[in-house]
Amino acid sequence: MTSQYWLLKTEPNEFSIDDLKAKGSNGEPWDGIRNYQARNFMREMAMGDTVLIYHSACAVPAIVGEGKIIKTAYDDHFALDPKSKYFDEKSSADKNRWSLVDVAFVEKWQKPVPLSTIKTVKALSEMKLVKQSRLSVSPVTADEYEVLITLK
DNA sequence: GCCAACGTTGGC
DNA sequence: GCCAACGTTGGC
């Protein structure tokens, strides 16, 4: 199967694309996903899939660059750690509700593509980012990806 | 900081 | 299984 495309939201105050870059080839576990739809998309991700990194809850919400999947879905150990802010009392070692994938930095776009621009492009009007604004992990079609990289 | 959208929880 | 109450996300 050919590589797929996804969009991952992150708040730059918490973890920005520069933070991802600083992690280098080891990448970073994409933690804190506590939404079933988002989790299910993470479980579909394959090695080498491209992820678009999106900065949300900031001055200019925008797609700011690209990463890739370097480890497919595995149990989210943060859900089992009472000291973690992502602790989930309803998860246990043999019944963990949540998953993580590891993401590594690929490229920071020279020009971010703001949500305000995306909203004006007809070919991007069906993006989950636009239609389901609160979803933090979502699929991007190959066609949408091709359009997006012309805007960067 | 406001508020719309919407996912989750829990009583019944 | 319905639905009200509540909490969170995230654009503006």
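Tell me, which residue of segment A:11-63 that is near DNA strand C (Cβ under 10 Å from one of its atoms), in contact with a Leu (Cβ under 8 Å, 6 or more places away or on another chain) and not in a loop (DSSP other than H, G, I, E, B) is farthest from residue A:103 (Cα to Cα)?
Only one residue fits best here, namely A:62.
Which residue is farthest from DNA strand B (Cβ to nearest atom), if the candidates are limited to segment A:34-87 and must be of a type in the set (Lys, Arg) and closer than 23 Å to residue A:108 by Cβ?
Of everything passing the filter in segment A:34-87, A:68 is farthest from DNA strand B (Cβ to nearest atom).
Could you count how many residues in segment A:82-135 are closer than 13 Å to residue A:54 by Cβ and of a type in the set (Phe, Trp, Tyr)?
So the answer is 1.
Testing residue A:74 on (1) away from DNA strand C (no atom under 16 Å from the Cβ); (2) over 14 Å from the mean Cα position of the chain (by Cα); (3) aromatic (Phe, Trp, Tyr); (4) surrounded by 16 or more Cβ atoms within 10 Å (Cβ to Cβ), one condition comes back false. Which one is that?
In the conditions (1) away from DNA strand C (no atom under 16 Å from the Cβ); (2) over 14 Å from the mean Cα position of the chain (by Cα); (3) aromatic (Phe, Trp, Tyr); (4) surrounded by 16 or more Cβ atoms within 10 Å (Cβ to Cβ), residue A:74 misses (4) alone.
Given the conditions (1) touching an Asp or Glu at 6+ places or on another chain (Cβ under 6 Å); (2) of a type in the set (A, V, I, L, M, F, W, C); (3) assigned to a helix (DSSP H, G or I), report the number of the one that residue A:106 does not fulfil.
(3)
Please determine, by comparing only the residues of segment A:107-142 that are surrounded by 12 or more Cβ atoms within 10 Å (Cβ to Cβ), within 16 Å of residue A:60 (Cα to Cα) and basic (Lys, Arg), which one is farthest from DNA strand C (Cβ to nearest atom).
Top of the filtered list is A:108.
Values quoted throughout were computed directly from the atomic coordinates according to the rules given, and no laboratory measurement underlies them. Quick caveat: nothing in here was measured; it's all calculated off a predicted structure. A quick note on method: Cβ atoms are made from the backbone with ideal geometry, for glycine too, and the neighbour counts reach across all protein chains shown.
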